[in-house]
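Some notes on the structure that comes next.
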Amino acid sequence: AAAAPTPQPPVQEILIVEDNPTNRIVLREMLRHLGQTVVEASNGSEAVELARHRRFDLIFMDVSMPGIDGVTASRQIRAGGQSAQARIVAQTAHGLPEDLERFRRGGLTEILQKPVTIAQLVPYLTAQTPEPAGDDRAMPADFDLVVVGELRALLPAAQMRQLLDGILAEGDGFIAALEAGESSPALADRAHRLRGAASIAGAAGLAALLEKVESELQEKGVVPSLVEWREIWGKAREVLPLRLLPEGENMTKA
């Protein structure tokens, strides 16, 4: 189905900073759909270098990145260069008041909560201040049908297959790491990456489970049950192609 008509905001120079290639593809295509000029950076240091030499109106900054994280990169961008005055928006699955305060100290003034929809993006492309997400995101359904519908409308079949393959690879890697007995920090990093991929694909139920796993690994070192996660991931592997791929495509082995 075709995407619903969306009011076109003014064209701006936008920098996407995101280490997950799948997330970059989705956000890039949404912004291009809205008529924006988009440049991409895959890590914090690349973003700082680009922002120093090019003037961006708006920067969407992933907070959790290896090496230079989003908050550190934002501080460095604010320190000087062509984009020191850019509007920098934190991309994160977390939107707690203490998070926002930490982001503000680093030069990020707003939060864009994942998963992202076109409707959520529009206010950031204007002078509006978006309303904070409501409690409905705290208790997500299995799939966010708005997110899935927009992805299927915006991305060609080949990119949807690429998105799906990326999620399946992350999930298989997470299960393999559990089987191998990787350390809690390594597992937390894998859970974070898989959660981000699931979230961007609209798999809200899976993302919520992984958020809990990530938190317990980081805060308590509690390793999730391999038996339980083999079952969870087995079901997810069956359902994800049915949700993401066009009819007929999902019968192909993922």
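The values are calculated or read from the model by the stated rules, or taken from the named source; none is laboratory data. Note that the structure is a prediction, hence the values are computed from the model and not measured. Neighbour counts are summed over all protein chains in view; Cβ atoms, including those assigned to glycine, are modelled from backbone coordinates with ideal geometry. Areas reflect the complete protein model, heavy atoms only, side chains present, ligands, DNA and RNA absent. Shrake-Rupley method; radii C 1.70, N 1.55, O 1.52, S 1.80 Å.
Key figures
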quantity: Subset of the range 50-75 [open to solvent by 70 Å² or more (accessible area, probe 1.4 Å) and either under 22 Å from the mean Cα position of the chain (by Cα) or among the aromatic types (F, W, Y) (or both)]; calculated: P66, G67, R75
quantity: Selection within the range 42-56 - without any contact (Cβ under 8 Å) to a residue 40 or more places away in the chain and in a loop (DSSP other than H, G, I, E, B); calculated: S42, N43
quantity: Test: residue in the range 31-47 that is more than 18 Å from the chain's Cα centre (by Cα) and buried (at least 22 other Cβ atoms within 10 Å of the Cβ); calculated: no
quantity: Test: residue in the range 81-97 that is open to solvent by 10 Å² or more (accessible area, probe 1.4 Å), modelled with pLDDT of 90 or more, at positive phi and not in a strand (DSSP E or B); calculated: yes
quantity: Residue list for the range 155-167, restricted to those being surrounded by fewer than 17 Cβ atoms within 10 Å (Cβ to Cβ) and assigned to a helix (DSSP H, G or I); calculated: A157, A158, Q159, Q162, D165
quantity: Near pairs, Cβ below 6 angstrom, 6+ apart or cross-chain, from the range 65-90 (farther than 9 Å from V48 by Cα) to any residue that is aliphatic (A, V, I, L, M) and assigned to a loop (DSSP other than H, G, I, E, B); calculated: G70/V63; R78/A84; I88/L108; A90/V63; A90/L108
quantity: Close pairs from the range 210-226: first among the hydrophobic types (A, V, I, L, M, F, W, C), partner open to solvent by 40 Å² or more (accessible area, probe 1.4 Å) and not in a loop (DSSP other than H, G, I, E, B), Cβ under 7 Å, at least 6 apart; calculated: V222/E216; L226/E179
quantity: E150 vs. criteria part of a helix (DSSP H, G or I), in contact (Cβ under 8 Å) with a residue 12 or more places away in the chain and open to solvent by 40 Å² or more (accessible area, probe 1.4 Å); calculated: no
